[in-house]
1. Report yes if residue 131 is at pLDDT 90 or above and closer than 30 Å to residue 275 by Cα, otherwise no.
2. Against the condition modelled with pLDDT under 85 and over 50 Å from the mean Cα position of the chain (by Cα), how does residue 142 come out, does it pass?
3. Please go through (1) modelled with pLDDT of 90 or more; (2) more than 23 Å from residue 269 (Cα to Cα) for residue 157 and return the number of the only condition it doesn't satisfy.
4. List the strands (runs of 3 or more DSSP E) inside the range 125-237, counting only whole elements, that have at least 3 residues being exposed (fewer than 10 other Cβ atoms within 10 Å of the Cβ), free of Cβ contacts under 8 Å to residues at least 24 places away in the same chain and touching a strand residue (DSSP E or B) at 6+ places or on another chain (Cβ under 7 Å).
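The values are calculated or read from the model by the stated rules, or taken from the named source; none is laboratory data. These numbers were taken from a predicted model, which means no experiment stands behind them. Counting neighbours? That spans all protein chains shown, and the Cβs are built from the backbone with ideal geometry, glycine included.
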């Protein structure tokens, strides 16, 4: 027994208890290692959590964006369908308009043909009317030539002529002719001028004047002056040597020698009336 205790004590002293520093060394290293690992894992977990949160946010945003894109795509699809429907309707309308245009063109062509036919018929009718008018005028001319003039009137071709018995102004002369359903004579041919020379031998009013516009001579029936038989230097609108007191000369008279002169309308002459039989 004593040997055991002796041995035990020897063992105790022979194997003394390590110091606190030596006893804590390996454990402290392990603890530091484990702490480092734990800290690393914690940081990794935090980073992973942050990554997951970030990924979640990203996925949420992506989902929202995808939803918006899907909604927009749906709207665009709907709009596309609407546009296709409108395009189809427009094609139908275009087809109808094209058909209507073709119908109108066909109608226009038919109207042009009808117009051409009517124009040709009109020209034919006008030609016939002209022919009939000429025939009527010829018959009327023959009829008038066969008609006798009233008593005291002289006849040439289709007209009757009367020389007044008294003298008066140009306006009074014309009124007298009108009262007889005639008018002052209108001379439109050399034959008529020669004939009038046999009707009167002195000054006589004829139906020629420039009252409306000086220098623009017209016959009483409105026709302009074409055939003229003015005396030399006439018309001159400067008065007559025989009648200087009468001033402006707006009326014409035949001097009885197949020549005309302009003189004041207030002058007093005989006159020649003309009318149809």
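1. no
2. Criteria met by residue 142.
3. All conditions pass for residue 157, except number (1).
4. By residue number, no strands (runs of 3 or more DSSP E) qualify.
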